[in-house]
Amino acid sequence: MSDKIERVNPEGLHSTPGYHHITVVEAGRTAYLSGQCPLDLSGDVVGKGDLNAQIDQVAANALTALAAVGAGPEHVVRSVIYIVTPDEVVLAEAWDRLNETGLAAAFSTASTLLGVAQLGYPGQLVEVDLTASLPD
């Protein structure tokens, strides 16, 4: 983790399952990634109907995008995760799966997990939106 990124869980707020309530970033270069989708190189949705397969593809795509700007998951300062489901159990399972991928460090920061009705591609079940503070 960069010394210009501070993650805080203040007293008086509930404990979290791994993320932090607040992420403070010293001014510097910031990368805003487009929502990372479960698409392969040809632009096709992978794992239609298989949330875990789609999470794995999203994680791989996000790692590639971060690496392209010289960053890793430890440089992520904000994540928003969209899962097509109204089911709290599915949301919790998706959170757990994301935290088993190589992208796990990204979710120790300020994070939001949302159940949504639909995403942009037919068959798409997950999308992850990341903001990273780029290393010097």
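The values are calculated or read from the model by the stated rules, or taken from the named source; none is laboratory data. Worth saying up front: this structure is predicted, and the values here are computed from it rather than measured. Because the Cβ atoms are built from the backbone with ideal geometry, glycine has one as well, and the counts that use them run over all protein chains shown.
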Closer than 18 Å to S111 by Cα, out of contact with any helix residue (DSSP H, G or I) (no Cβ under 7 Å at 6 or more places or on another chain) and among the aromatic types (F, W, Y): does that describe Y19? no
Failed criterion for V128 (all others in (1) without any contact (Cβ under 8 Å) to a residue 40 or more places away in the chain; (2) assigned to a strand (DSSP E or B) hold): (1)
Region 115-132, residues that are touching a Ser or Thr at 6+ places or on another chain (Cβ under 6 Å) and crowded, with 19+ Cβ neighbours inside 10 Å: L130
Can you name the residue in region 4-46 that is within 15 Å of V80 (Cα to Cα) and touching a His at 6+ places or on another chain (Cβ under 9 Å) and is also modelled with the lowest pLDDT among such residues? H21
